[in-house]
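Participant: Input: one structure, supplied below.
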Amino acid sequence: MLEVLTGSGLAASAGLNAYIPLLLMGLLARYTDLMELPSGWQWLGNGWVLLILAVLLAVEMVADKVPVVDHVNDVVQTVVRPTAGGLAFGAGSSSETVTVSDPDTFFSSHQWVPVVVGVLLALGVHLLKSAARPVINATTAGFGAPVASTAEDATSAVMSVVAILLPVLVLVFLVGFVAFLFWFLRRRRSRRRERQAARAAGFRV
C-alpha cells in the first residue's frame, strides 16, 4: 500500500510541476540512501538527465509566473505533466524507499498499470490547475499568477518529499484535492448561473 501512496503523491506532484518529482527522485537515488530506483528506472539518476530536468524546471518556474505566458505553458504542459506523472508513479510505486521494505510487490504483473494511473492522476491535477489559473489572473489583474505559481511549486516539492518519506500523509493531500475539486466545480457553476442571470436581466432591460 505504501508503494501506491508514494506513486500517487509523486504523480499528483507532477500535475503541478512536471519536473520537481522526477528531479527529486533522481537526486535522492543518486546521492542518498533514501531512495533506490528499480532497474528499469535508474536512468532518472543519470547526471545528464538530472541536468536536463534542472534546466527544464528553471524554464517552467519562470514561464508559469508570467500572465498569458502561463496559459501557453499550461497548454504545452497538458502533454508533459501527465507523462511525467506516469513516469513518477511507475518509478515511485516500484522503488525502494526508507518506508518501503518490499518493492515490486504491487502491480508487478502489469507494468503498464502504474504508468496509466500516474498519467490520470497528474492529468486531473493539471486540468484543475489550468482551470483555476485564468480565474486567478482575471480576479487579480495578473498579479496573482506569480503567487499562485510559487504556491504550486512549493506544494509540488513538499508533496514529493512527503510521498517518499511519509507516504501515509499523501492521503491527506488526496482528500484535500477532492474537496477542493468539488468546491471549485460548484463555484464555477454558481458563477455561470450568475452570468446567465445577468445577461437575461440585460436583455429584458
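Values quoted throughout were computed directly from the atomic coordinates according to the rules given, and no laboratory measurement underlies them. Computed from a predicted structure; not experimentally measured. Positions of Cβ are generated from backbone atoms using ideal geometry, with glycine treated the same way; all protein chains shown enter the neighbour counts.
Participant: Please compute the net charge surrounding A148, taking Lys and Arg as +1 and Asp and Glu as -1 over other residues with Cβ under 15 Å from its Cβ. Intermediate results must be reported in sequence, preceding the final value.
Facilitator: On the way: positive: K65, K129, R133; negative: E60, D64, D70, D74, E152, D153.
Neighbour charge sum, excluding A148 itself: -3.
Participant: What Rg and what Dmax come out for region 18-80 when only alpha-carbon atoms are used, in angstroms?
Facilitator: Final numbers for Rg and Dmax: 13.7, 41 Å.
Participant: Show me the ranking of peptides 143-149, 187-193, 5-11, 160-166 by mean Cβ neighbours inside 10 Å, starting with the highest. Can you show the working numbers first?
Facilitator: Values: 143-149: 17.1, 187-193: 10.9, 5-11: 29.7, 160-166: 21.0.
Top to bottom by mean Cβ count within 10 Å: 5-11, 160-166, 143-149, 187-193.
Participant: A further question follows. Given a Förster radius of 41 Å and the C-beta distance between A138 and V168 as r, what FRET efficiency does 1/(1 + (r/R0)^6) yield to the nearest 0.05?
Facilitator: The pair A138/V168 has a calculated efficiency of 0.65.
Participant: Which ³J(HN,Hα) values in Hz, rounded to whole numbers, follow from the phi angles of region 67-79 under the Karplus curve 6.51 cos²θ - 1.76 cosθ + 1.60, where θ = phi - 60° and Gly and Pro get x?
Facilitator: Rounded to whole hertz, the list is x, 6, 4, 5, 5, 4, 4, 5, 4, 5, 6, 4, 8.
Participant: Listed highest first by mean packing, meaning other Cβ atoms within 10 Å per residue, what order do 72-85, 40-53 come in? If you can, show how the numbers build up before the last one.
Facilitator: Numbers: 72-85: 19.4, 40-53: 14.6.
Those peptides, ordered most packed to least, come out 72-85, 40-53.
Participant: Something else now. Around A54, what is the net charge, scoring Lys/Arg as +1 and Asp/Glu as -1 over all other residues with Cβ under 15 Å from its Cβ? Don't skip to the end; give the middle numbers.
Facilitator: Working: positive: R30; negative: E60, D153.
After counting each charged neighbour, the total is -1.
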